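The values are calculated or read from the model by the stated rules, or taken from the named source; none is laboratory data. None of these values were measured; they are calculated from a predicted model. Methodologically, a virtual Cβ is constructed for each residue, glycine included, from the backbone with ideal geometry; neighbour enumeration extends over all protein chains shown.
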Amino acid sequence: MDTPESPDLTRTQVANLLAAQDEPCDASRVSYYPALEELAATVARSACWAQGEVFVYAKNAKRYIVMKQVAPSSCEMLVLSNVGYCDVISANRYGHDELVEALLGYMQS
């Protein structure tokens, strides 16, 4: 998905965050979402994302979520936030509101 890059968290910054966790990043597979609720709805919509897909919500330069599909043919997502590494979750196992609350919690930890 070709989405506009956020000035608060560029594709280069996303790649650097993932590299710090020994995760590669293909900039063409980074998608940005204007609202956390939209990111959560998109991520949870499928149980089988392509490995390497990256989903980004940046409220601002100091509050963001980066989710990367890390397991083949699944919805296992590495979750990084402004506080650093957070978790690996099965995003499709959450209800929408539950996933939004979890992601908000990761940004506030």
*Scan the range 18-42 residue by residue and report those that are aliphatic (A, V, I, L, M) and outside any helix (DSSP H, G or I).*
ALA20, VAL30, ALA35
*Restricting to the range 12-29, what's the tally of residues that are surrounded by 14 or more Cβ atoms within 10 Å (Cβ to Cβ), touching a helix residue (DSSP H, G or I) at 6+ places or on another chain (Cβ under 7 Å) and more than 17 Å from ASN82 (Cβ to Cβ)?*
1
_Name the residue that is modelled with the highest pLDDT, counting only residues in the range 53-70 that are farther than 17 Å from ASN92 by Cβ and outside any strand (DSSP E or B)._
LYS62
*Do you know which of the residues in the range 43-64 that are aliphatic (A, V, I, L, M) and either in contact with a His (Cβ under 7 Å, 6 or more places away or on another chain) or under 18 Å from SER28 (Cα atoms) (or both) is surrounded by the fewest Cβ atoms within 10 Å (Cβ to Cβ)?*
ALA50
*Checking LYS62 against (1) over 14 Å from LEU9 (Cβ atoms); (2) free of Cβ contacts under 8 Å to residues at least 40 places away in the same chain, which single condition isn't satisfied?*
(1)
*asked:* Here's a check for you: in the range 6-45, which residue that is within 13 Å of VAL66 (Cα to Cα) and among the acidic types (Asp, Glu) is farthest from the chain's Cα centre (by Cα)?
replied: ASP8
*Test GLN69 against the stated conditions and say whether it is more than 21 Å from PRO7 (Cβ to Cβ) and either of a type in the set (Gly, Ala, Ser) or buried (at least 19 other Cβ atoms within 10 Å of the Cβ) (or both).*
yes
*Does the range 81-92 contain any residue that is in a strand (DSSP E or B) and modelled with pLDDT of 95 or more?*
yes
*Counting only residues that are among the acidic types (Asp, Glu) and within 15 Å of the chain's Cα centre (by Cα), which one in the range 65-109 is nearest to ARG29 (Cα to Cα)?*
GLU76
_Selection within the range 14-53 - among the hydrophobic types (A, V, I, L, M, F, W, C) and closer than 15 Å to LEU103 by Cβ_ = ALA35, LEU36, LEU39, ALA40, ALA41, VAL43, ALA44
*When both residues are 6+ apart or on different chains and their Cβ atoms are under 8 Å apart, which pairs have a first residue that lies in the range 74-87 and is in contact (Cβ under 8 Å) with a residue 24 or more places away in the chain, and a second that is of a type in the set (Asp, Glu) and not in a strand (DSSP E or B)?*
LEU78/GLU23
